[in-house]
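Quick notes on the structure that follows.
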Amino acid sequence: MPIRALCFDRSMTTFDKPGIDLHTHSVVSDGTEAPGEVIRQAARAGLDAVALTDHDTTAGWAQARAAAVDVGITFIPGIEFSSQLNHASVHVLGYLIDPADEVMLAEMQQVRESRVSRAERMVQMIGGDHDLTWDDVLAVTEPGATVGRPHIADALVSKGLVESRVAAFETILHWRGGYYVAHYAPSPFDAVKLIRRAGGVPVLAHPGSRGRRGMDTETLEGLIEAGLGGLEVGHRENDAASRAMLLEVAAQHDLIVTGSSDYHGTGKPNQLGENTTELGQLRRIIEQATGSEPVRGAGLRL
Ligand code: AMP
Ligand code: ZN
Ligand code: FE
Ligand code: FE
C-alpha cells in the first residue's frame, strides 16, 4: 500500500481536465526538436494529447505517430497552412487531412518551393550589408524542412550577428526591417477549402496576430462561408479583446474553439500546454474529419 501510493497515478494528481495542445512545430519546419522529441516532451509535460502542425508539410507525421504509440499519448496529425490576405500572412491549421490528397500536396509543395526562393532572396539582400550567406542558412536547416525566417534567424545567431531568434525578428527579419520578401501562398479562403477537400478540419490560427491588427468580423464570416471549422482562441498572441470577439463569433456560428501553445522548442518562448483545448472540442474535430486517423492514447476517451 505505501509503495502503491508513491506511484504516479493519474487519478490522484491535481489535473481536473485533460491536457490537450493542438499546435506544435518540429525541425520538419521551424521548431528545434525532431517530431518524435516534440511528442516525448509533450508526454513529459503531462499532456494527454498533442497535435504536430508543421508549416506546409506532413513530413513529421510518421515519426510523431510512432513516438505517440511508444509513450501512449493521443496524437493528432495536422499542418499549419500558409496563406496570405492583403499582404498579411494568415495561418490556417488543418487537422486530420488526407496526406495523399493530390491538390493539397501540390499546393503545399508550391508554397515550400516559393519559401526557399524567397529566403534565398532575403539572404542575398541581407548579405549585402552583413556577413551572411545561403550556406550559413543551409548549415542550420534540416534537409527538406519548410524554410522560414526562423532559419535565417538561426544563421544570424550562428554568425554572431544577433543574440536570438526573437532579436532577429525585432531587427533584420522584421517585415519593416528592409529585407522582407513575401512568398507565394493561397488566400485563406482557398486554404480553408483545400483543407476541407482533403478531409481535414480548418481552424484559424492565432487570429489576433494577423498583421498586428487582428481579423475583422467580415473576413471571419467569409472564412466561415468557405468552410472554416474553428478558431484558435487560446493563444498568447490573442489579447483579451480579440478573445472576447472571437468567442462571440464562435458562439454565433457554432464553431470549434481551441487553445494551444504554438511550441517551437527553444525557438520561441511558448511552452507546451500553456494554452489547452477542451476534450469536447477535440471530439468535434475528430467527428468532422475524414482525411486521416488520430493515434488514440490510453489517457483520453475519444
Ligand atoms: P515566415 O513564415 O518565414 O515569414 O516566418 C514566420 C515564422 O516565424 C512563424 O511561424 C513564427 O512562429 C516565427 N516567428 C515569428 N515571430 C517570431 C519571433 N519574434 N521569435 C521567434 N519566432 C518568430
Ligand atoms: Zn513557425
Ligand atoms: Fe502561425
Ligand atoms: Fe505555428
Computed on Cα atoms, Rg of the chain relative to 2.2 N^0.38 Å comes out at 1.00
Cα-Cα pairs in region 78-212 separated by more than 20 Å, as a whole percent of all pairs, come to 49 percent
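Would you tally the net charge around ARG165, using a Cβ to Cβ cut-off of less than 15 Å, leaving ARG165 out, and scoring K and R as +1, D and E as -1?
Charge balance in the 15 Å sphere: -4.
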Once the in-chain neighbours fewer than 8 apart are removed, the lysines whose Cα is under 27 Å from LYS268 read LYS17, LYS159
Note on region 75-142: alpha-carbon gyration tensor, axes a ≥ b ≥ c; rule is a/c under 1.5 for rounded, else prolate if a/b larger than b/c, else oblate; result prolate
Given 4 °C, 1.567 mPa s and a Kirkwood radius over Cα pairs, the Stokes-Einstein diffusion coefficient of region 126-169 in µm²/s is 124 µm²/s
Note on region 249-302: C-alpha Rg/Rh, Kirkwood Rh, two decimals, gives 1.03
Total charge of the residues flanking ALA119 in space, meaning their Cβ is under 15 Å from its Cβ, with Lys and Arg +1 and Asp and Glu -1, is -2
GNM on the chain, Cα springs under 10 Å; top mean-square fluctuation among ASP54, ASP216, ASP21 goes to ASP216
Long-range share for region 208-302, i.e. C-alpha pairs more than 15 Å apart as a percent of all pairs, stands at 67 percent
Under a Gaussian network model of the chain whose springs join Cα atoms within less than 10 Å, the largest fluctuation of HIS23, HIS174, HIS206 belongs to HIS174
By the C-alpha gyration tensor axes a ≥ b ≥ c (rounded if a/c is under 1.5, else prolate when a/b exceeds b/c, else oblate), the shape of region 7-147 is prolate
Per the helix-only model, the chain has a calculated mean residue ellipticity at 222 nm (DSSP H runs of ≥4, -39500 (n - 2.57) each, divided over all residues, rounded to the nearest 500) of -11500 deg cm²/dmol
Row for region 216-258, column shape: gyration tensor on C-alpha, a ≥ b ≥ c, rounded if a/c < 1.5 i.e. under 1.5, prolate if a/b over b/c, else oblate; value prolate
If each K or R counts +1 and each D or E counts -1, the residues other than GLY36 whose Cβ falls under 11 Å of its Cβ total -1
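Every number here is computed from the coordinates shown, using simple stated rules; none is lab data. Since the structure is predicted, the reported quantities are computational estimates derived from the model, not experimental observations. All Cβ positions, glycine included, derive from the backbone under ideal geometry; neighbour counts span all protein chains shown.
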